[in-house]
1. So what is the diffusion coefficient of the chain in µm² per second by Stokes-Einstein at 4 °C and 1.567 mPa s, using a Kirkwood Rh over Cα pairs?
2. For GLN342, project a label point 7 Å along Cα to C-beta. Then give me every residue of region 599-624 with its amide nitrogen under 20 Å of that point.
3. With both partners inside region 533-630, how many of the DSSP beta bridges are antiparallel, as a percent to the nearest 5?
4. Taking +1 at the Cβ of each Lys and Arg and -1 at the Cβ of each Asp and Glu, which of HIS352, ASN448, LEU463 sits farthest along the dipole of region 310-477 towards its positive end, judged by Cα position relative to the Cα centre?
5. Once R0 is set to 35 Å, what does the formula 1/(1 + (r/R0)^6) return for the Cβ-Cβ distance between ASN29 and LEU3, expressed as a FRET efficiency to the nearest 0.05?
6. Any idea what log10 I(q)/I(0) is at q = 0.10, 0.13, 0.16, 0.18 Å⁻¹ for region 202-344, Debye with uniform C-alpha scatterers and no solvent?
7. Within the chain, what percent of beta bridges assigned by DSSP are antiparallel, to the nearest 5?
8. For ARG456 and VAL383, FRET efficiency with R0 = 22 Å and r from the beta-carbon atoms, rounded to 0.05?
Amino acid sequence: MLLAVRAWILLSALLVGAGWILSAFHELNRIGYGIAFALAAAALFFCRGKIQWPSRESFARASHKFSRRFKRPAPLIFFALALMSLAGGALYVSTDGDSMAYRIPRVLHWLNQGQWHWIRTLDFRMNIAGCGFEWLSAPLILFTRTDRLLFLINWISFLMLPGLIFSVFTRLQVRPRVAWWWMWFLSSGWCYAMQAGSLHNDSFAVVYALAAVDLALRAKEKNSVGDFGLSMLAAALLTGVKQTDIPLALLWLVAAWPAARLLRLRPAASLAVVAASLLVSALPLIFSNLKHCGTWTGIPDAANAQLHSPFWAVAGNIFCIAVQNLLPPFFPWADGWNAAMQHFLQTPFGGHFTSFESFGHLGRGVSEGNAGIGLGICVLIFVSLCAQRRSVSSGEMTQFRKLNLVFRLLHVTPWLLLLLFMAKVGTFNNARQLAPYYVFFFPLLLANPHHEILARRRRWQQLGLLVMLITAMLLAMLRSRPMFPAKTLIAGLQTNYPQSKMLSKMSNSYAFISSFEKLRGIFKSSLPPDESVIGYATVAGNAEIGLSLPPGRLKIERLLPDDTPEQLRLAGIHYVAVDDSALESQNETLEQWMTRYDGELVDQVAFLLNPNEPQTHLYLVRLRQPSEQIR
């Protein structure tokens with residue numbers, strides 16, 4: 001496991017660093033990546049003697065241990081979760097709104113221009129959001145000419161999660177038996193299992209966070225300069241994924257401080273690692289945001305809802321994060337709940353929380369877009385803590401281990417970082433954004449040795465296995481990647497029960513998958529084959545991937561509201577894809593837009609991005625040329 005983690009950190013650092021360096025030379029293309037991979041292979045060849053490769057005997061032992069492990073129920077269920085995530089990611093196109101709207105499109109813009117650049121767009125997220133996941137995506141899209149394999153980034157990270165949790169927990173004085181059970185239970189947390197086959201970029205960062213802490217503690221134990229350098233790279237990679245992950249770097253500082261003296265043993269190598277860490281961290285993006293926006297986050301004032309005060313921010317987040325994590329798998333009362341939340345915000349007390357984005361809003365069920373650690377894990381830890389207190393009160397004897405200052409800080413710091421997160425972040429679905437944090441909350445709760453007594457009890461083990469099985473059930477029924485022929489089965493049931501409202505809602509819930517498939521290769525037959533560039537009028541649209549994939553098919557130029565017809569024609573734009581969001585933002589109809597730009601409708605498509613919202617439309621408009629206007 002450790003060898004795989006080290007390889008993943010080095011590969012991630014290579015791809016992120018190569019993205020920024022190749023962009024500086026305007027060589028973000030196949031040749032540039034080919035040179036980067038060749039240099040990396042040469043470095044690996046020259047350093048092969050310093051790498052502790054597994055021997056044939058150790059590989060055989062590991063293979064035997066691997067095959068034996070899945071005879072036990074917890075690893076077997078985790079293996080099933082991994083297979084289901086792999087199948088779901090391979091069978092279905094992504095339905096992640098953020099990836100469709102700006103994460104994959106920004107990569108396509110970079111590849112088209114051969115470098116990272118500040119994109120001309122109304123959707124500021126395309127420029128200011130963390131690039132960690134995107135730099136891992138860029139070569140996959142470039143060489144495979146599709147985005148269908150990007151889920152593997154999350155899936156590979158998911159496979160490393162149990163081993164890393166066990167290693168970190170045991171180092172933080174959680175008993176091995178307790179750590180063994182919880183490494184499987186926590187890995188089946190809803191945010192991790194559901195995102196394993198998706199393109200969301202929340203949960204995969206937990207591997208960097210765990211590896212940073214684990215390798216820093218290993219470096220102290222073994223006086224290993226290499227492990228310390230890898231821990232620094234992992235912490236840097238963590239900060240580059242999302243701005244909300246940056247506080248976790250403080251946790252690495254606590255773990256790394258006792259081993260910081262190792263930097264002095266090899267000054268030249270340490271300097272190189274520090275430079276590489278700065279390159280792959282959030283620092284390049286922070287400088288860019290400061291340059292273009294004047295703030296390190298890059299969020300413009302108009303979109304930056306300032307929380308009223310730290311006190312009310314924490315109070316509001318305690319409520320929001322709690323209800324999001326306690327959301328049952330299916331919540332048919334969502335409409336009434338959300339209406340009540342809107343009414344609450346109109347009251348004097350509710351006015352303290354109006355700066356939150358959709359305060360208290362809940363969906364009709366759990367999905368990869370809103371899931372926290374999950375109701376099952378919350379119930380399991382609550383039961384465990386209650387049972388632990390009962391063991392203490394009944395006088396069952398256990399021996400406590402004394403913790404030194406570093407371990408105490410590593411137990412407490414995640415909870416302090418949670419307070420910082422809640423005081424500053426008021427965005428929608430905060431429970432999902434906390435995915436890299438959750439596992440670090442548990443060592444403080446599980447370090448009590450009474451949990452070892454509990455871990456031996458069959459009923460507690462069965463409860464934990466039930467939690468994992470519920471996760472498997474949810475993964476099988478996930479509306480974006482169902483593991484059964486949902487549309488066919490529901491259509492058959494509707495013929496027998498045509499008046500069933502429940503079946504109608506289920507049909508709408510699963511029907512939107514086909515809309516995302518419809519957006520692939522959109523307008524391909526309606527555009528002239530020699531057309532190389534197309535305009536896209538949108539605010540935060542989801543159609544750009546379908547217009548521009550495979551890479552090189554079409555160059556997309558996003559339009560701004562004040563662009564004139566003359567500017568579009570000078571840019572060589574003869575066709576424009578216009579969506580409903582662009583028309584609504586300008587408060588005009590399609591006919592008015594076509595009159596303003598002197599265009600004619602060529603094609604259109606309707607699709608469903610959310611089963612709870614009306615259909616949206618995308619129109620293909622051809623701009624008339626000056627010669628046509630004269631006639």
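Read the figures in this text as sums done on the coordinates, not as results from a lab. From a predicted model like this one, the values you see are computed outputs, not experimental measurements. We place every Cβ from the backbone using ideal geometry, glycine too, and count neighbours over all the protein chains shown.
1. Numbers: Rh = 26.5 Å.
Rounded to a whole number, D works out at 49 µm²/s.
2. Residues 609-616 fall inside that zone.
3. Among the beta bridges of region 533-630, antiparallel pairing accounts for roughly 65 percent.
4. ASN448
5. After rounding to 0.05, the efficiency reads 0.65.
6. Values returned for q = 0.10, 0.13, 0.16, 0.18 Å⁻¹ are -0.53, -0.77, -0.96, -1.06.
7. The antiparallel fraction comes to roughly 65 percent.
8. Numbers: r = 15 Å, r/R0 = 0.69.
After rounding to 0.05, the efficiency reads 0.90.
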